[in-house]
Amino acid sequence: LRDNRIELVRASWHELSISVSDVSLSDEGQYTCSLFTMPVKTSKAFLTVLGVPEKPQITGFTSPVMEGERMQLTCKTSGSKPAADIRWFKNDKEVKDVKYVKEEDAVRKTFTVSSTLDFLADRSDDGAVVSCRVDHESLNSTPQIAMQVLEIHYTPLVKIISSNSWPEEGQSIILTCESKGKPVPEPVLWTKDGGELPDPERMVVNGRVLSISFLNKTDNGTYRCEAKNPIGRNSTEYVLIVHDVFNTLLPTTVIPSLTTATVTTNVALTASTTTSATGTSIRDPNGLTQTGPDHALIGGIVAVVVFVTLCSIILLGRYLARHKGTYLTNEAKGAEDAPDADTAIINAEGSQVNAEEKKEYFI
């Protein structure tokens, strides 16, 4: 061996050692050690030299990429022996569906390895870190990595957030239009029922925020927020319903749990319609003293009195209707030859001229 990179380390009758610096692929091959005896004795060994892969590079990315476009990223490394292994990751999550190509260099006996990642750009990929990892036995478990940060442009995504889930008359409400897009959307546009905001004094727009004060029923409607950027535009709607103000009921006196109240009502009906009602209240001497009028008791008494009065009026009406008087209708018999009606009634049998009981005749 005659090479400046090869040095004799030790030489004796028992051992011969050499060292090779700056090892290259040309150093690969079979080495022979000979002992000059009679006969000559030899020993052979084959030296394998590993080809270290070069640092990988990612190509095919042009910034920015529009949402929905197809992206093809290629990772390539050369000089590996044997062929290196390439793996793809997106945000530290391995991507399995990739193409792998291996080419051998006939002169140097090394390999050039490439892998292609093919996918459709999505807004969720914006800001994602795509990495290409090269594994090889010559790297001593320390892989070589190339990284690429994705930049995806997409139309705005719009959402309206309300500050009041149950708006009532007289209150105020704040509607916030959240728009996310790339590039950042321009100032949003607020409309109501397809037109401009009807009351600019109460409906104030500050950037992405719409504030409406002193709500009333005329504010009911559909509010639209629209955002746009150079890629496109998008909008969303919010239906505002202003509710009536709840009336606060006046506090009423509640009978304590230790107090009992009993009401007894006696009703008597006569020809002259007389009604009597008496109330007796029995209280627990140990109970709390009730203050103020008992609305339930008063309401019950009034209802009973009204009901009895109506019943009395109905009964009195039926009684008077049945006692109007007695009317008898009889045919005036025996008055066939009378010259006129008055004479027929006077000459009729059972004439009622002098009768005490009034009668009605049918002629």
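Quick check: with the 1.4 Å probe, what order do Leu16, Leu297 take by accessible area, largest first?
Numbers: Leu16 110, Leu297 60 Å².
Order by accessible area, largest first: Leu16, Leu297.
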For this session: Would you pull out the residues with amide H under 5 Å of Met71's amide H, same chain only if 5 or more places away, H placed 1.01 Å from N?
Result: Phe119, Leu120, Ala121
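Applying a 10 Å radius around every beta-carbon, put 128-136, 98-106, 34-42, 229-237 in order of their mean neighbour count, most first. Provide the component values of the computation, followed by the final result.
Working: 128-136: 19.0, 98-106: 12.1, 34-42: 8.6, 229-237: 15.8.
The packing order, highest mean first, is 128-136, 229-237, 98-106, 34-42.
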Problem set entry | Members of Lys81/Lys102; Lys182/Lys228; Lys93/Lys180; Lys76/Lys109; Lys159/Lys192; Lys159/Lys180 lying beyond 19 Å, as alpha-carbon distances in this model show | Lys93/Lys180
For this session: Find, among the GluC sites (Glu not before Pro) in segment 1-71, those assigned to loop by DSSP (not H, G, I, E, B) with at most 11 other beta-carbon atoms within 10 angstrom.
Result: Glu15
Exercise. Which value, in Å² and to the nearest 10, is the accessible area of Leu189 when all protein chains are kept and the probe is 1.4 Å?
Worked result: 100 Å²
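At 4 °C and a viscosity of 1.567 mPa s, what translational diffusion coefficient does Stokes-Einstein give for segment 6-47, taking Rh as the Kirkwood radius over Cα pairs? Give it in µm²/s as a whole number. Display every interim value, and only then the final one.
On the way: Rh = 11.9 Å.
My calculation gives 109 µm²/s for D.
Per the 1.4 Å probe, what fraction of the accessible area of segment 79-166, in percent, lies on carbon and sulfur atoms? Can you show the working numbers first?
Values: 2470 of 5050 Å².
Here it works out to 49 percent.
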Problem set entry | Pairwise label distance in nanometres, Leu316 with Lys217, each label 7 Å out on the Cα-Cβ vector | 4.5 nm
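The values are calculated or read from the model by the stated rules, or taken from the named source; none is laboratory data. This one's a predicted model, so the numbers in the text were calculated from it and none came from an experiment. Quick reminder, even Gly has a Cβ in these numbers, built from the backbone with ideal geometry, and neighbours come from all protein chains shown. Keep in mind that these areas ignore ligands, DNA and RNA; they rest on the heavy atoms of the full protein, side chains included. Shrake-Rupley method; radii C 1.70, N 1.55, O 1.52, S 1.80 Å.
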